[in-house]
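Contents: one structure, followed by commentary.
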Amino acid sequence: MCMANFEIRAKDGLARVGRLTTNHGSVRTPLLMPVVHPGKSLIQPQELVDEFGFEMVITNSYIINSHEKFREKAIADGVHGLLEFNGPIMTDSGTFQMYFHDLPREEIDPLAIIEFQKKIGSDIGTILDAFSKPDVGREQVERDVELSLDRAKLSVGIKENMMLAGTIQGGGFEDLRERSAKAMAGMDFDVYPIGGVVPFMEMYRYADIVRIILASKKHLPINRPVHLFGCGHPMLFAQAAYLGCDLFDSASYAKFADSGRMLLNSGTVHLENLSELPCDCPVCSNTTADDMKSLPNLEKSQALMKHNLFVSAGEMRRVRQAIMEGQLFELVALRARSHPTLMEAFHIMTTNMEQIIHSDPFGKTNSIFYTGSETILRPEITRYHTRLIERYPYRKTHSVTIVPDIGGRPFSDTANTIIDEVRKRTPESTILLFLTPMGVTPWELEHVHPSQQCIFPHSIDNATKSSVSEKLDEFLGNTSFTSLVWFDRESPINNIIDSLKINQRIIRVSSASAVLDAIGDSSQKTDWTLRKLKAVMSYQWDSNAGNLIDKMPVQVVLSRSTSKIRYVKSGDDILFTMVPTTGLLTPTYTGGLALLDAGISQDYIVTMDNEVAEFVADGKSALAKFVKKVSMNLRAGEEVLVVDEDHKLLGTGRALLNGKEMIEFSRGVAVMIRHSLNH
């Protein structure tokens with residue numbers, strides 16, 4: 001296999017902030033590579049770094065090889081000398097030129113172009129694949145896929161020390177994309193471009209691009225970056241990144257400028273149609289629309305190029321920051337409103353969230369802002385409901401009390417009287433559910449993300465209401481109870497009671513005092529902190545973890561300022577700390593031992609090679625290359641136990657990768673250790 005050259009630093013959806021290492025340095029992903037023509041670029045490669053902040057460029061080896069003056073200098077000084085650029089350079093093979101100029105297939109020798117890219121010192125070369133035009137039939141596309149695969153097999157065998165990109169083809173046929181991706185995944189490529197999408201972009205067929213990406217991503221190795229070839233418009237960066245594309249390239253900044261067009265995050269505008277410049281980039285901030293129009297053609301084109309580069313670079317920075325903050329979905333939703341065809345693509349994405357949810361990290365802290373009916377499909381909300389159904393420990397009770405709420409303020413502010421009474425009772429007596437546009441939140445999990453981090457408007461769409469109704473029906477269908485108390489109050493989802501599918505008696509009340517009368521008094525008393533703790537531990541890990549508090553004496557320490565759980569102790573030892581921003585627990589080393597003794601699921605145990613056991617025991621990060629065993633069910637963001645091959649606890653910490661990534665990556669941190677054996 002090839003050298004380890006890619007690692008993940010942060011995740012959101014299928015998006016990754018990562019680091020790709022080449023012979024000429026490391027770069028951050030998602031990454032945009034401006035296309036540089038070796039002979040006619042108005043903006044030089046070094047300017048792209050110094051003025052705009054780009055880290056890598058892409059040029060065309062076919063063009064270099066086809067012109068004697070370029071070819072001789074590239075052979076003598078390398079492609080870096082030709083471009084006078086010391087950063088990483090990727091080279092294309094000429095596939096697009098063959099498509100665009102309708103060149104005969106014998107124009108470029110597929111192996112000779114690989115040898116040429118090696119000779120000129122490309123950091124990442126590209127195979128000569130067969131580009132399928134979007135208007136050709138399936139049989140032709142199948143032939144193109146097979147030809148691409150045949151060339152890939154020959155090319156990958158001669159790549160030597162050059163990183164090589166193996167392009168996925170298949171036109172608009174999802175099954176052919178999957179076939180191509182499966183076959184290419186079995187070959188030792190360093191980068192996996194998804195090719196043939198430029199015609200779809202030119203025809204605004206963004207929905208097809210989403211289908212193509214999803215079909216390809218199903219089968220591509222997760223430890224290699226994915227390049228969306230020819231995607232250079234900033235309006236698509238966010239959505240493509242959310243779907244797992246790590247690299248992009250753009251000739252659009254120059255092509256659009258040559259025709260007097262300006263790229264914006266929300267689309268494209270013609271300079272001639274503008275009376276104002278709708279941009280605050282350095283170019284637009286220092287001139288006017290009229291002044292730019294009056295420039296000589298060459299100067300005007302250069303100014304437009306710079307504008308296009310500033311906008312493109314800024315959008316890619318915005319995408320990376322959104323991934324770091326766990327808020328890329330909101331940016332995707334915002335960009336989708338820019339054009340009807342982007343919105344169509346967004347709908348395709350949101351109906352395929354099951355492909356995204358396993359990659360999306362657990363334990364996020366960010367607020368979730370309503371962007372439309374698609375908000376309820378977000379991985380954070382779907383995962384919360386799934387875990388609730390699977391793991392909520394209190395399934396048998398006398399009465400269920402439901403309090404509709406918009407969720408804009410803490411439940412302790414809007415229903416404090418009811419909460420105070422429920423705290424005095426056992427879960428066998430009553431359970432309390434808050435019903436928000438996100439779904440069902442039992443009182444015990446009121447602080448668990450995203451139960452009180454979802455910001456919805458007071459006017460709720462019908463799809464969201466229907467989702468809430470279905471979630472409540474599912475929860476109640478998994479709960480044994482005698483009566484249901486519904487607190488009628490002003491809420492956009494209060495009328496959901498009319499669609500409930502239950503047979504038990506419903507008592508409707510309109511005041512907190514009436515709720516208390518309905519649930520009745522209870523002679524049994526309970527420690528509410530232990531009740532809440534058991535629910536959180538069951539939700540976060542499993543029932544064995546939740547039952548831990550029944551097996552050992554623990555004390556819960558509350559925050560003096562908020563009265564929320566702060567620590568869980570056993571004697572003088574702190575077992576767990578509750579994180580205020582997530583409502584979840586972080587185990588200390590002693591807490592990790594308690595979880596091991598309780599029989600916590602293997603889904604939360606990461607086994608390391610004994611070779612690095614001492615390093616992890618000393619508090620060093622657990623690196624992916626030394627992970628020996630881990631569950632494929634583990635998700636990034638989980639609090640896990642790290643053990644050696646003899647099942648001895650080395651430390652506890654937060655998983656930065658999911659289980660599959662820990663096994664497949666040989667670079668980067670798998671678990672960030674919080675507490676360890678020796679520290």
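Throughout, read-outs are computed from the coordinates displayed, never taken from laboratory work. Everything numeric here is computed off the predicted structure, so don't read it as measured data. So basically every Cβ, Gly included, is an ideal-geometry build from the backbone, and we count neighbours across all protein chains shown.
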Item to complete: Kindly write out, for the range 198-204 in residue order, the coupling ³J(HN,Hα) from the Karplus curve 6.51 cos²θ - 1.76 cosθ + 1.60 (θ = phi - 60°), rounded to whole Hz, with x marking Gly and Pro.
Response: 4, x, 5, 5, 5, 9, 6
Fill in: Once the Cα gyration tensor of the range 13-84 is diagonalised, semi-axes √(5λ) in Å
26, 13, 11
Discussion item. Please give me the summed charge of the neighbours of Asn478: other residues whose Cβ is under 14 Å from its Cβ, Lys and Arg +1, Asp and Glu -1.
Written reply: +2
Fill in: Cα gyration tensor shape for the range 122-202, rounded if a/c is under 1.5, else prolate or oblate
prolate
Discussion item. Can you show me the helix-derived [θ] at 222 nm for the chain, built from DSSP H runs with n ≥ 4 at -39,500 (n - 2.57) apiece and divided by the number of residues, rounded to the nearest 500.
Written reply: -11000 deg cm²/dmol
Discussion item. Suppose the Debye formula is applied to equal point scatterers at every Cα of the range 528-676; what is log10 I(q)/I(0) at q = 0.13 Å⁻¹?
Written reply: -0.54
Discussion item. I'd like the distance separating the alpha-carbon centroids of the range 506-569 and the range 383-412, in whole Å.
Written reply: 12
Fill in: Segment Lys629-Lys153, extension gain: residue separation times 0.36 nm, minus the distance between their alpha carbons
168.2 nm
Practice prompt. Please compute the Cα-Cα pair-distance distribution of the range 335-412 with 5 Å bins starting at 0, giving whole percents from short to long.
Written response: 3, 10, 16, 21, 19, 14, 10, 5, 3, 1, 0
Item to complete: Express in % the proportion of alpha carbon pairs of the range 618-679 at distances exceeding 13 Å.
Response: 56
Worksheet item: What is the percent of Cα-Cα separations in the chain that go past 40 Å?
Response: 40
Practice prompt. May I ask for the net charge around Ile493, where only other residues with Cβ less than 13 Å from the Cβ of Ile493 are counted and Lys, Arg are +1 while Asp, Glu are -1?
Written response: -3
Worksheet item: Where a ≥ b ≥ c are the square roots of the eigenvalues of the C-alpha gyration tensor, would you call the range 1-153 rounded, which needs a/c under 1.5, or, failing that, prolate if a/b is larger than b/c, or oblate?
Response: oblate
Worksheet item: Where does each of 505-515, 337-347 land if you order them by average Cβ count within 10 Å, highest first?
Response: 337-347, 505-515
Worksheet entry | Nearby aspartates and glutamates by direct alpha-carbon distance to Lys293 (threshold 18 angstrom, same-chain neighbours under 8 apart not counted) | Asp258, Glu272, Glu276, Asp280
Practice prompt. Assign unit charges at the C-beta atoms only (+1 for Lys and Arg, -1 for Asp and Glu), then state the dipole size of the chain relative to its Cα centre in Debye, rounded to the nearest 20.
Written response: 1460
Worksheet item: Can you sort Glu202, Glu428 so the residue with the fewest Cβ neighbours within 10 Å comes first?
Response: Glu202, Glu428
Worksheet item: Rounded to a whole number of µm²/s, how large is the Stokes-Einstein D of the range 68-222 at 25 °C and 0.890 mPa s, given Rh as the Kirkwood radius over C-alpha pairs?
Response: 153
Response to the item:
When Met162, Met672, Met187, Met90 are ranked with the fewest other C-beta atoms within 10 Å first, the list becomes Met672, Met187, Met162, Met90
Worksheet item: Amide H to amide H under 5 Å from Thr22: which residues, 5+ apart in sequence or cross-chain, H placed 1.01 Å off N in plane?
Response: Val27
Worksheet item: Which cross-chain or sequence-distant (5 or more) residues have an amide H under 5 Å from the amide H of Ser429, H modelled 1.01 Å from N in plane?
Response: His398
Worksheet, complete the sentence: Expected vector for the range 293-301, Karplus 3J(HN,Hα) from phi with 6.51, -1.76, 1.60 and θ = phi - 60°, integer Hz, x for Gly and Pro, equals 4, 7, 5, x, 3, 5, 5, 4, 4
Worksheet item: Taking N as the number of residues in the range 377-458, what value does Rg over Cα atoms divided by 2.2 N^0.38 Å take?
Response: 1.07
Worksheet item: In terms of the ratio Rg/(2.2 N^0.38 Å) built on C-alpha atoms, what value belongs to the range 246-393?
Response: 1.35
Worksheet item: Between Lys628 and residues 5 or more places away or on another chain, which pairs have amide H atoms under 5 Å apart, with H built 1.01 Å from N, and which residues are they?
Response: Thr607, Met608, Asp609
Worksheet item: For helix 138-156, what angle does its Cα long axis make with the longest principal axis of the chain, in degrees from 0 to 90 and rounded to 10?
Response: 80
Practice prompt. Could you quote the convex hull projected area for the range 24-355, Cα atoms only and averaged over all directions, in nm²?
Written response: 16.4
Worksheet item: Between Arg28 and Gln504, what is the FRET efficiency for a Förster distance of 41 Å, r being their Cβ-Cβ separation, to the nearest 0.05?
Response: 0.15
Worksheet entry | Cα-based reach from Lys620 at 21 Å (exclusive), listing lysines while leaving out same-chain residues under 8 positions away | Lys628, Lys629, Lys648
Worksheet item: Over 24 Å between Cα atoms, which of Lys424/Lys564; Lys73/Lys118; Lys153/Lys218; Lys69/Lys118; Lys11/Lys532 qualify?
Response: Lys11/Lys532
Fill in: Hydrodynamic radius by Kirkwood, which averages 1/r over all alpha carbon pairs of the range 370-519, in angstrom
15.3
Item to complete: Sum up the charges of everything whose Cβ sits under 10 Å from the Cβ of Phe329, counting Lys and Arg as +1 and Asp and Glu as -1, but leave Phe329 out.
Response: -4
Worksheet item: What order do you get for Ile75, Ile519, Ile605 when you list them from fewest to most C-beta neighbours inside 10 Å?
Response: Ile75, Ile605, Ile519
